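The values are calculated or read from the model by the stated rules, or taken from the named source; none is laboratory data. Keep in mind that this is a model prediction, so the values were computed, not measured. Note: ideal-geometry Cβ built from the backbone for every residue, glycine included; neighbour counts use all protein chains shown.
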Amino acid sequence: MGLLNCMLFALLLSTSAFSQDERFFRKIFTDELSLGIAQTQPPKIEVSTPEYLVDITRDGQMERIIALKRDGLDYIQIKDHFGRIKFDRKLAAKGVDSKLYKIQLKTISAKVDVLLLHYYEGAVGDIPFDATARVYFLAIENRNLDKLYLKKGPAFFMEKARPGNQYSRRKYSVNVIDYNKDGHNEVSVTYNGIHRIFFYKTKGLWTKM
């Protein structure tokens, strides 16, 4: 083991090209290569869904929601009715074939709406493999596209496969209901007997019980 460590240390110091590769991989793992709107380098490959027209601000003008893949990473983008980008953020994948597969616009209160983003985080492994999904909460305060706040919500198991042709996929549910009768709706996520309720506070802050 001592000899192996020495060899690895020698390789790290051997060439400047390797150092460049090391910096490149460090950027990947620290997320320096993927900063949304602030990204300085354009992606090498970018594909997107059509622009889905939704009246997010409830003013009769249609905003645009787009799901994108940039160099294999998933993003959610929102444009105003003029086509200007107002929001562009990455969603964190865990495996292959990740995708944003469902979006719901719901009302929390007179001043707050939320886009519920149903995100498939991808599968890990072949056989066996595990795949999970997650709900993100994108809060919109005062129906103002300059006040958008993304919160990473709960994950839940979606698919599993095991040797011997064993495969299972479980259901989940997301509901928006005024559970405590205070005039504000809460978001509940139920999966496999686990029931979580999320209460919106302000500026993207949520509490749960």
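If you scan the range 57-69, which residues turn out to be surrounded by 20 or more Cβ atoms within 10 Å (Cβ to Cβ) and out of contact with any His (no Cβ under 9 Å at 6 or more places or on another chain)?
Ile65, Ala67 - these are the residues of the range 57-69 that are surrounded by 20 or more Cβ atoms within 10 Å (Cβ to Cβ) and out of contact with any His (no Cβ under 9 Å at 6 or more places or on another chain).
The rows are residues; the columns are (1) touching a helix residue (DSSP H, G or I) at 6+ places or on another chain (Cβ under 7 Å); (2) at pLDDT below 95; (3) within 24 Å of Val174 (Cα to Cα).
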position	(1), (2), (3)
Pro42	no, yes, no
Pro50	no, no, no
Val54	no, no, yes
Arg84	no, no, no
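Please verify whether Lys90 is basic (Lys, Arg), under 10 Å from the mean Cα position of the chain (by Cα), surrounded by fewer than 16 Cβ atoms within 10 Å (Cβ to Cβ) and not in a loop (DSSP other than H, G, I, E, B), treating the condition exactly as stated. It would help to see each step written out before you state the result.
Details: basic (Lys, Arg): yes; under 10 Å from the mean Cα position of the chain (by Cα): yes; surrounded by fewer than 16 Cβ atoms within 10 Å (Cβ to Cβ): no; not in a loop (DSSP other than H, G, I, E, B): yes.
No: the conditions fail for Lys90.
Collect the residues in the range 95-136 that are free of Cβ contacts under 8 Å to residues at least 60 places away in the same chain, among the charged types (D, E, K, R) and assigned to a strand (DSSP E or B), keeping them in residue-number order.
Selection gives Lys99, Lys102, Asp113, Glu121, Asp130, Arg134.
Among (1) surrounded by 11 or more Cβ atoms within 10 Å (Cβ to Cβ); (2) over 16 Å from the mean Cα position of the chain (by Cα); (3) at pLDDT below 95; (4) on the phi < 0 side of the Ramachandran plot, which single condition is Ala123 missing?
Status for Ala123: all satisfied but (2).
Taking the criterion of being in contact with a Leu (Cβ under 9 Å, 6 or more places away or on another chain) and closer than 20 Å to Arg58 by Cβ, would at least one residue in the range 165-187 satisfy it? Quick ask: steps written out before the conclusion?
Start the filter on the range 165-187 by keeping residues that are in contact with a Leu (Cβ under 9 Å, 6 or more places away or on another chain), which leaves 174, 176, 187.
Narrowing the set further to residues that are closer than 20 Å to Arg58 by Cβ leaves 176, 187.
Yes - at least one qualifying residue is present in the range 165-187.
Looking at this structure, is His184 surrounded by fewer than 17 Cβ atoms within 10 Å (Cβ to Cβ) and in contact (Cβ under 8 Å) with a residue 12 or more places away in the chain? Working first, answer last.
Numbers: surrounded by fewer than 17 Cβ atoms within 10 Å (Cβ to Cβ): yes; in contact (Cβ under 8 Å) with a residue 12 or more places away in the chain: yes.
Criteria met by His184.
Looking at (1) in a loop (DSSP other than H, G, I, E, B); (2) closer than 22 Å to Glu186 by Cα; (3) of a type in the set (A, V, I, L, M, F, W, C), find the lone condition where Phe82 falls short.
Going through (1) in a loop (DSSP other than H, G, I, E, B); (2) closer than 22 Å to Glu186 by Cα; (3) of a type in the set (A, V, I, L, M, F, W, C) one by one, Phe82 breaks only (2).
Can you tell me which of Ala155, Ala139, Ala161 is modelled with pLDDT under 95, surrounded by 17 or more Cβ atoms within 10 Å (Cβ to Cβ) and part of a strand (DSSP E or B)?
Details: Ala155 fails: surrounded by 17 or more Cβ atoms within 10 Å (Cβ to Cβ); Ala139 fails: modelled with pLDDT under 95.
After ruling out the rest, the residue left standing is Ala161.
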